[in-house]
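Student: Let me begin by handing over the structure; questions about it come next.
Please treat every number below as a calculation from the coordinates, not as lab data. Just so it is clear, the structure is predicted and the values come from calculations on it, not from any experiment. Glycine also receives a Cβ, built like all others from the backbone with ideal geometry; neighbour counts cover every protein chain displayed.
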Amino acid sequence: MPTPAKAYAAQSATTPLAPFSFERRDPDAKDVAIDILFCGVCHSDLHTARAEWEGTLFPCVPGHEIVGRVTAVGSDVTKFKVGDIAGVGCMVDSCGHCASCNDGEEQYCEGTGFVGTYNGPDPVLGGHTFGGYSDHIVVDEGFVLKVGHDEKDLAAVAPLLCAGITTYSPLKHWKVGPGQKVGIVGLGGLGHMGVKIAAAMGAEVYVFSTSPNKRDDARRLGAKELIVSKDADQMAEHANSFDFILNTVAASHDLDQFLGLLKRDGTMTLVGVPETPHPSPSVGNLVFRRRALAGSLIGGIAETQEMLDFCQAHGLTADIEMIDMQDIETAYDRMQKSDVKYRFVIDMASLKN
């Protein structure tokens, strides 16, 4: 029998998130039930709740950076037991048999497409999925992650389930490591994790930002220096010198200014998705040095677990501001102004108030 759940939901693109009740499924044989302790606030949550991206299904319960405690497991579950700390990221299902799923790259599922933790087709109850701005969630064991961090750090672990894997996956795929010069464009929710992870991988890391006042923070997070992207002289000093650039900015901007900083055979990978397209980059910037412009999504489940283990081993968590569920609209407004260092996390105990 389905169980009652409490949440905050948007009923339309123009109404604020407010208390909402619905039903979660009871755990099936392969399911894990989790009481949600903390849920990070991703810019995707805002885009979806306010229908800035196409296809929002209402009512919308956002949230895909989930950390909580296991309260029940199905009879066939082998990786989790009651009392464990577990995480759920951006997806809760996929077709399981296409080429990408077979390769452990479920985020690129070519069958059904991956099922989002929210705003995706609910494969069990029908309708659409509801995310982590809620008191509990039930997820197939194959899409649940083990969290080994100290329990005092769990709130700061939550953003790793999206911001962490979104930056770790391309850094790992393009083999970032010692001896490489790596740039991170933007020092926000994604960018600050990109700096931490790239530095932990052994790279020499630089931050590109329009804000000179973020220099001290960039250095604290692990960067060698901050380059003011609006300063043509600073940018020119680094021409043709970067092995890899991770561009986390989710606003339309000129890509050529960064492509020109890459070495021959260097790559810039985009992980931010702007509301309107970037201006088309110059072909010459690519062909004359065999540079590449690429994109990357999140990571598969195995890679997400690898990222969590890597972050635990290196003592990495997100820099967060904790909020109550009732303050989500204020958080959204601040997030739009980039007024957060560097990720909001909801204390889900506040949902009981």
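Student: Restrict the search to the stretch 218-303; then list the GluC sites (Glu not before Pro) that DSSP places in a loop and that have at most 14 other Cβ atoms within 10 Å of their Cβ.
Tutor: Numbers: sites: E225, E237, E275, E303; in loops: E275.
Sparse-neighbourhood loop GluC sites (Glu not before Pro): E275.
Student: Chymotrypsin sites (Phe, Trp or Tyr not before Pro), restricted to the stretch 252-343: which are DSSP loop and have at most 16 other Cβ atoms within 10 Å? Don't jump to the answer; show the numbers that get you there.
Tutor: Numbers: sites: F258, F288, F310, Y332, Y342; in loops: F288, Y342.
In loop regions of the stretch 252-343 (DSSP not H, G, I, E or B), the sparsely surrounded chymotrypsin sites (Phe, Trp or Tyr not before Pro) are F288.
Student: Work out how much length E151 to T330 would gain on full extension: take 0.36 nm times their residue separation and subtract the Cα-Cα distance, in nm to one decimal.
Tutor: Values: separation 179, 0.36 × 179 = 64.44 nm, distance 2.73 nm.
Length difference between fully extended and current span is 61.7 nm.
Student: For F38, list long-range residues whose amide hydrogen, built 1.01 Å from N in the peptide plane, is under 5 Å from its own amide hydrogen.
Tutor: Result for F38 returns V67, M348.
Student: Identify which of L221, L308, L125 has the largest mean-square fluctuation in a Gaussian network model of the chain, with springs joining Cα atoms closer than 10 Å.
Tutor: Comparing L221, L308, L125 in a Gaussian network model of the chain, the most mobile one is L125.
Student: Ratio of the chain's C-alpha Rg to 2.2 N^0.38 Å, to two decimals? Mind showing how you got there, number by number?
Tutor: On the way: Rg = 20.0 Å, N = 353, 2.2 N^0.38 = 20.4 Å.
Dividing the Cα radius of gyration by 2.2 N^0.38 Å gives 0.98.
Student: I'd like the Karplus ³J(HN,Hα) series for the stretch 334-350: coefficients 6.51, -1.76, 1.60, θ = phi - 60°, whole numbers in Hz, and an x wherever there's a Gly or Pro.
Tutor: Calculated HN-Hα couplings, in order: 5, 5, 4, 9, 6, 9, 7, 10, 10, 8, 6, 10, 8, 7, 6, 4, 5 Hz.
Student: Residue-wise, which Karplus ³J(HN,Hα) couplings in Hz belong to the stretch 219-236, taking 6.51 cos²θ - 1.76 cosθ + 1.60, θ = phi - 60°, and x for glycine or proline?
Tutor: These are the phi-based 3J(HN,Hα) values: 5, 4, 6, x, 7, 6, 7, 9, 10, 6, 5, 8, 9, 4, 5, 4, 5, 5 Hz.
Student: When the label point is put 7 Å from the Cα of A251 along its Cα-to-beta-carbon vector, which residues of the stretch 181-212 have a backbone N closer than 19 Å?
Tutor: Counting only backbone N, you get 184-193, 207-212.
Student: If you don't mind, there's one more thing I want to ask. For the stretch 53-115, compute the orientation-averaged projected area of the C-alpha convex hull (one quarter of its surface), in nm². Each step should come with its number before you reach the end.
Tutor: On the way: hull surface 23.9 nm².
Computing the convex hull of the Cα atoms and averaging its projections yields 6.0 nm².
Student: Skipping prolines and chain starts, which residues have an amide H placed within reach, meaning under 5 Å, of the one on F242, given they are 5 or more residues away or on another chain?
Tutor: L262, K263
Student: Here's something else I'd like to know. According to the Kirkwood expression over distinct Cα-Cα pairs, how big is the hydrodynamic radius of the stretch 128-234, in Å?
Tutor: Details: mean 1/r = 0.0642 Å⁻¹.
Radius from the Kirkwood sum: 15.6 Å.
Student: For the stretch 222-353, what D do you get in µm² per second when you plug the Kirkwood radius from alpha-carbon pairs into Stokes-Einstein at 4 °C and 1.567 mPa s?
Tutor: Stokes-Einstein gives a translational diffusion coefficient of 73 µm²/s.
Student: Now for a different question. Suppose the chain between D76 and A313 were pulled fully straight at 0.36 nm per residue; how much longer would it get relative to their current alpha carbon spacing? Each step should come with its number before you reach the end.
Tutor: Details: separation 237, 0.36 × 237 = 85.32 nm, distance 2.98 nm.
Result: 82.3 nm gained on full extension.
Student: How far apart, in nm, are the 7 Å Cα→Cβ label points at T210 and A236?
Tutor: 2.2 nm
Student: Counting other Cβ atoms within 10 Å, keep those with at most 16, restrict to DSSP loop, and tell me which chymotrypsin sites (Phe, Trp or Tyr not before Pro) in the stretch 30-102 are left.
Tutor: Values: sites: F38, W53, F80; in loops: W53, F80.
Loop-located and lightly packed - W53.
Student: Which cross-chain or sequence-distant (5 or more) residues have an amide H under 5 Å from the amide H of Y342, H modelled 1.01 Å from N in plane?
Tutor: Close amide H contacts, sequence-distant or interchain: D319, I320, E321.
Student: Based only on the alpha carbon positions, what is the Kirkwood hydrodynamic radius of the stretch 89-177, in angstrom? Please list the in-between numbers first.
Tutor: On the way: mean 1/r = 0.0688 Å⁻¹.
Roughly 14.5 Å, rounded to one decimal.
Student: Students often forget the sequence filter, so: which aspartates and glutamates lie under 15 Å Cα-Cα from K341 once same-chain residues fewer than 8 apart are removed?
Tutor: Excluding near neighbours in sequence, the set is D216, D217, D319, E321, D333.
Student: Using a Debye calculation, one point per C-alpha and no hydration shell, please list log10 I(q)/I(0) for the stretch 159-290 at q = 0.10, 0.16, 0.19, 0.20 Å⁻¹ in order.
Tutor: The Cα Debye sum returns log10 ratios of -0.27, -0.74, -1.08, -1.20.
Student: Going out from 0 in 10 Å bins, what whole percent of all Cα-Cα distances in the stretch 288-353 drops into each bin?
Tutor: For the stretch 288-353, the pair-distance distribution reads 17, 26, 34, 18, 4, 1, 0.
Student: Kindly write out, for the stretch 175-188 in residue order, the coupling ³J(HN,Hα) from the Karplus curve 6.51 cos²θ - 1.76 cosθ + 1.60 (θ = phi - 60°), rounded to whole Hz, with x marking Gly and Pro.
Tutor: Residue by residue, the stretch 175-188 yields 6, 5, x, x, x, 9, 9, 10, x, 10, 8, x, 10, x Hz.
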